[in-house]
Amino acid sequence: MNILVTGGAGFIGSNHVRYLLRNSDDRVVNLDLLTYAGNLENLAGCEDDPRYRFVRGDIRDRELLRTLLQQEAIDAVVHFAAESHVDRSVEGPEVFITTNVLGTEILLEESRAAGVRKFVMVSTDEVYGSLGSEGHFTENSPLAPNSPYAASKAAADLLCRAFFKTFGFPVVVTRCSNNYGPYQFPEKLIPLMIANALEGKPLPVYGDGLQVRDWLFVEDHCRAVDLALRHGRPGGVYNVGGGNEMRNLDLVHLLLDKLGLGRELITFVADRPGHDRRYAIDASHITAELGWAPSVDFATGMARTVDWYLAERAWWEKIRTGRYVEYYDLMYGPGRRHAGGV
Ligand code: NAD
Ligand code: TYD
């Protein structure tokens, strides 16, 4: 197959490109705009593989898509490209709509016109909104997004449904819980806490820190997306989750313990507006239909992740300069949104 991966220079996309090159004979074309989150260093070594091609471009660029889909005789699309950070969507929702909603719509239209045979939409569990202390999201849970990010993903997710229902276009949607692992941009909880801890900077825990996320090692997500591509039922929706519920504060404690550091750097800061309290996934449908289950347990995945950030300090130090400093100041600087006490 010739597979177009969008957003393949980001965290999950780059892990997915590596996954495909390692585990299949397929040809992989990676289309990525290289926004602040896209980084070709995430793909070091891949460019030597004759089955891989990188194209810098925008999923909103119709002409480019038309040419690329035809020129590369693309059989299947795996769509990761997105604005992905909730806090940024609170500061500036617009680009979330243009990239995540309009971009997905344009990609769907052009893929359909080009005769693409399978399209995997990498959606998220955040489309379901927030859970109380009990229960899990199933594929039948109502969509009730609470952040502009989640709303934009829900819109894209539903457009995929519409393309299947209206045009019979073979779209499969995955809705995964929080990922962790190598190459995650240090704006997200785990890499941000590791990098700050190693640099002796405060660890900003939002609100009371008792929010719960369900963590999955990134390679397990990639395997689920690949199963959805090869065996997923057109029009199907698959929840993907690690069954690893953890309170943020407990996770930060665990990271500090792993790094051999004390807890004095933890700083409780103002909460994220609209902060979802708890996510938890019921993944029994993908297990029953596609035989997927997580293969990396939390202890192993966390050890691999912490070791990676320790070994690849140059990777994240380089990112945490320039525009990142402005971002950090906007989010966490004195007088800014997450500054101060709870
Ligand atoms: P990321 O922010 O690390 O990467 C996004 C990539 O998309 C970047 O390489 C960026 O350059 C690219 N991109 C952005 N706008 C683009 C555009 N207009 N055209 C082409 N490329 C563009 O994100 P991630 O964490 O790797 O997430 C990837 C996907 O998985 C997203 O769709 C996200 O919603 C979804 N997802 C993420 C998680 C998670 O825990 N990170 C969980 C479930 C689902
Ligand atoms: P994040 O990694 O941004 O993922 P998401 O919001 O998509 O779940 O955040 C994970 C959790 O960690 C979430 O409850 C918000 C919290 N958090 C903090 O407490 N401090 C931080 O600096 C960040 C980035 C997140």
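Summary table below
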item	result
Segment R323-S24, length gained on full extension (0.36 nm per residue, minus Cα span)	104.0 nm
Neighbour cut-off at most 10 other Cβ (10 Å), DSSP loop, GluC sites (Glu not before Pro), segment 208-301	E264
Summed residue charge, Cβ within 13 Å of N2's Cβ, Lys/Arg positive, Asp/Glu negative	+1
Ranked list, fewest to most other Cβ atoms within 10 Å of each Cβ, for S89, S123	S89, S123
Loop-resident sites, segment 118-217, for GluC sites (Glu not before Pro), counting at most 11 other Cβ within 10 Å (DSSP)	E134
Residues L249, L216, L227, sorted so that the one with the fewest Cβ neighbours within 10 Å comes first	L249, L227, L216
Residues T104, T300, T166, sorted so that the one with the fewest Cβ neighbours within 10 Å comes first	T166, T300, T104
Average Cα contact separation per residue, the chain, under 8 Å, 6 or more apart, as relative contact order %	17
Per-selection metrics, segment 184-342 (Cα): Rg and Dmax in Å	17.5, 51
Segment 85-214: equivalent-ellipsoid semi-axes (sqrt of 5 x gyration tensor eigenvalues, Cα, Å)	31, 18, 14
Cβ-based net charge around E109, under 14 Å, with every Lys or Arg adding one and every Asp or Glu removing one	0
Rounded D (µm²/s) - segment 1-134, Kirkwood Rh over Cα pairs, Stokes-Einstein at 25 °C, 0.890 mPa s	160
The chain: Cα Rg divided by the 2.2 N^0.38 Å rule of thumb	0.95
DSSP H segments from the chain that extend 15 Å or more along their own axis, Cα-based, with Kyte-Doolittle mean of 0.5 or above	248-259
Globularity index of segment 109-164, i.e. its alpha-carbon radius of gyration over 2.2 N^0.38 Å	1.33
Part-to-part distance (alpha-carbon centres) for segment 59-75 and segment 264-326, which is given in Å	32
Total formal charge among the other residues, if their Cβ is under 13 angstrom from that of A303, Lys/Arg +1 and Asp/Glu -1	-1
Cα-based radius of gyration of segment 189-235 once divided by 2.2 N^0.38 Å, which approximates compact folds	1.78
Efficiency of FRET between D307 and R233 - r from beta-carbon atoms, R0 35 angstrom, step 0.05	0.40
Hits among lysines - C-alpha to C-alpha of K188 under 29 Å, sequence gap 8 or more where chains match	K153, K201, K258, K318
Extended-chain gain in nm, criterion 0.36 nm per residue less alpha-carbon gap, L34 and D48	3.1 nm
Amide proton proximity set for Y206, modelled H, under 5 Å, gap of 5+	V269
Interchain or long-range residues, amide H under 5 Å from H85's placed H	none
Span per principal axis, largest first, for the Cα atoms of segment 25-85 (Å)	32, 29, 16
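Bear in mind that the values in this text are calculations on the coordinates, not laboratory data. Everything quoted here is computed from the prediction, not taken from an experiment. All Cβ positions, even for glycine, are placed from backbone atoms using ideal geometry, and neighbour counts span all protein chains on display.
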